[in-house]
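Contents: one structure, followed by commentary.
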Amino acid sequence: MGWNYDFCIASVLVLLILVIYNGWIIENKNFTMKMYIFLLILSCASCVTDMFSGMVLMRKFKDIIWVNYLGEMFYYSTQHAIPCCYFVYITLISKKINYISGSMIKWLIPGAIEQVLIYTTHLTGWMFVYDENGYHRGPFMWILIVGTGFYLTLGLLSVLSERRNIEKRYRVVSVIFLVVPAFAVAIQMLHIDLILISASIAISCLIMQLILQNPRMIYEVNEKEIEARLAAEEANRAKSTFLANMSHEIRTPMNAICGMADILAGCDIEPQEMDYVQTIQTASKNLLDIINEILDFSKVDAGKLELCPVNYRLDEMLRDVENITAARIYGKNIDFEIYVKAGVPVSMNGDSTKIHQILVNILGNAAKYTEKGTIVLDVDWLSLSDNKVRLIFRVSDTGIGIREEDISKLFIQFSQVDTVRNRKIGGTGLGLALSKGIARLMNGDIDVTSEYGKGSTFTINIEQDVLKYETHDSSKFNKYIAFIYEENLGSRQHLASILSQIGLEYVLVDTANQVDYSIFEKYRQENKIFLYNYRQFARLGKKPPDGIKSVALIEYNEIVQKSDEFKNYIRKPYDIFKVFDALFSDKQSKLDTKHIQKAIMKNVHIAIVDDNKVNLKVAATQLREWKVFAETFSSGGAIIKALERGRQYDIIFMDHMMPELDGIETTAIIRAMDGEYFKNVPIIALTANAIRGVQKEYEEAGMNDCLFKPVQMEQLEEKLIAYLPEEKVEIVQ
Ligand code: ADP
């Protein structure tokens, strides 16, 4: 055996050991590891075929040409597949991925061409030729050499392009893989008898094994990764706890600010003073929204935000969103239009508060970033199954728009785009990230398209459960005709399109003079409805006609007084539900009177337990609104003593966090006291802790309900009505 084959044998042995070690001894092999083993097998096969075709076939079976061709082809094939495979492996490892990406596949095309050239060389003679005189290099053999250089260089570049993410050892390996075989090829080209390529491959693989697949190194790297992950998780937890604590600490003084401002607003004060108070109310509401947003975001971030599904009505939720948006665009030259696709189910089950939050957020942005034009809310739906739908809300505006390069940054937390132009517009950069997080919880998403300078469209899609599908018999509408008197073109068109969607015929009454009421006689339908802009009509000194149903159209902020001479009205912005209710049902009057109902309470005794004196004062003053007897206690121990002395209350409001006995412990003691009263007295938690799971904790502790600080008058009233004995509350309209 010639000395030059000793290298080959040694190389085969080394590579075999590596194949066995990595293939059999190492467990849990991922795709990258399998690729590495494949590379070793190819290298081993290349060394074997090199030796075999050179030593056995060429020398012992020189005359059997086809066998020699085959041997050489196998050798060339495996040898030139190595660089290609090496490139794939090193790219996977440096990019830290476990699959062959689409972009990688296109780089493999030259390798495939090489293989075709090798296996067709007996026809073309391009790579090499074998005849009775032996082996000869072909005229295009250089292609294979260039191919090898190409893949080794590509592997090196791939490593260098990721140098920030990977360690130095990867660069060392790729340089070795490039330099050692290049050196070997150069020598072998010059001295055909020095068979060094196989040895160079084995050396490179051995170095690769020692540096990249070294178990100790891998162990250390894994350890480092685990450490880094734990540190990141810990930091995230600390951030979430900090945000939750901060929100708690801010909520407590906010309770005093909001509560006192509400009380002041209910007092008989000068208009100017009222103006100041309202400013405090609006500012504190805004501050509260920001705190809630931060808190929610910290929950999404920590994967703790949970959906609280309830039964709700889509129309009522939308009405609220529309009112908030209408208030935000007030004073701007913006038309706000709402289009709802026919047949959308109204009775739903889902987390309506969070959908409300997303819509308020996105419509709020539209209002913030639009100065004039139109904001459109489109509500669309798709049926997914018998009781599941996908709701699609599309919010389009004619505002400043977003640059294409900024769109990808929109949903990143704390990021505001186009800050130079938007510097006068406030914001936290959290809204969209939070909204997307919530939409994803509902198996949905938020997408955006925008044209810079022209406007944007945000599309929110979410899954919801349907409780009941609404069915309307639209055939009855052909007995109706509507007459619209509305001077504002945008409003008129919007209303007209809603009427067409309902399937109602309508006539536009251009000028008030046209309303000489003889116009009504011209139409055959028996039911005529007159829709008129209340203010514009009053300005003309006209009154709606007697004898036909008339519906006043009023601005969103118009205060309806008893002296106003209309029974039915639609408050802008219009939506199909409002229009439908005003035209065909008496539901509207119920809704509108809701806020003027009043609860009168008789002989009601309430206990408030809170260690914070300001909060006690706020709650007691808030309760004064209903003329109840409120007693305050500054600790859990104090209320227990009072109860033991025989004092009884209709409701106990209990703070959560208190020194010594906290709200939960105090409740447990009260519930354990002897007597039916103690088991049943309603205990409502007062808490500044608006984070997940507290409600459940209160329930488990025996509390009946909870109120979040800052406590709002309406919510307080709601709880009083719900928990007081019926005979002690009277609701008057
Ligand atoms: P912010 O509280 O700052 O409004 P968001 O996450 O809601 O935070 O929005 C992020 C950024 O996206 C905003 O600062 C703004 O630059 C841009 N943006 C959002 N909505 C619109 C819109 N309708 N038109 C133009 N830009 C928008």
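Within segment 91-121, the set of residues being under 35 Å from the mean Cα position of the chain (by Cα) and in a helix (DSSP H, G or I) comprises 91, 92, 93, 94, 95, 102, 103, 104, 105, 106.
For segment 460-474, what are the residues that are surrounded by fewer than 19 Cβ atoms within 10 Å (Cβ to Cβ) and either at pLDDT 90 or above or in a strand (DSSP E or B) (or both)? Result: 463, 465, 467, 468.
So, of the residues in segment 390-403 that are more than 9 Å from the ligand (Cβ to nearest atom) and outside any strand (DSSP E or B), which turns out to be nearest to residue 331 (Cα to Cα)? My answer is 398.
The set of residues in segment 188-224 that are of a type in the set (Asp, Glu) and under 18 Å from residue 26 (Cβ atoms) comprises 220, 223.
Taken over segment 562-584, the criterion of being closer than 20 Å to residue 542 by Cβ and at pLDDT below 80 is satisfied by 563, 564, 565, 566, 567. Do we find that residue 194 is touching a helix residue (DSSP H, G or I) at 6+ places or on another chain (Cβ under 6 Å) and not in a helix (DSSP H, G or I) in this structure? So residue 194 fits the description; yes.
Among the residues of segment 170-183, are any under 57 Å from the mean Cα position of the chain (by Cα) and free of Cβ contacts under 8 Å to residues at least 12 places away in the same chain? So far as segment 170-183 goes, yes, one or more of its residues are under 57 Å from the mean Cα position of the chain (by Cα) and free of Cβ contacts under 8 Å to residues at least 12 places away in the same chain.
Would you say residue 249 is at pLDDT below 80, within 28 Å of residue 438 (Cβ to Cβ), of a type in the set (D, E, K, R) and in contact with a helix residue (DSSP H, G or I) (Cβ under 7 Å, 6 or more places away or on another chain)? Step through it out loud before you land on a result.
Values: at pLDDT below 80: yes; within 28 Å of residue 438 (Cβ to Cβ): yes; of a type in the set (D, E, K, R): yes; in contact with a helix residue (DSSP H, G or I) (Cβ under 7 Å, 6 or more places away or on another chain): no.
So residue 249 does not fit the description; no.
Being closer than 14 Å to residue 362 by Cβ and within 11 Å of the ligand (Cβ to nearest atom) is the filter here; which residues of segment 450-464 pass it? Before the answer, list the steps.
Within segment 450-464, the first condition is being closer than 14 Å to residue 362 by Cβ, and the residues that meet it are 450, 455-462.
The answer is 450, 455, 456, 457, 458.
Table: residues versus (1) touching a His at 6+ places or on another chain (Cβ under 6 Å); (2) under 30 Å from residue 617 (Cα atoms); (3) outside any helix (DSSP H, G or I); (4) at pLDDT 75 or above.
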| residue | (1), (2), (3), (4) |
| --- | --- |
| 220 | no, no, no, yes |
| 228 | no, no, no, yes |
| 233 | no, no, no, yes |
| 257 | no, yes, no, yes |
| 263 | no, yes, no, yes |
| 269 | no, yes, yes, yes |
| 275 | no, yes, no, yes |
| 300 | no, no, no, no |
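Here residue 660 meets each of (1) among the acidic types (Asp, Glu); (2) in a loop (DSSP other than H, G, I, E, B); (3) at pLDDT 90 or above with one exception, condition (3).
The values are calculated or read from the model by the stated rules, or taken from the named source; none is laboratory data. All values derive from a computational prediction rather than experimental measurement. Note that each Cβ is placed from the backbone with ideal geometry, even for glycine, and that neighbours are counted across all protein chains shown.
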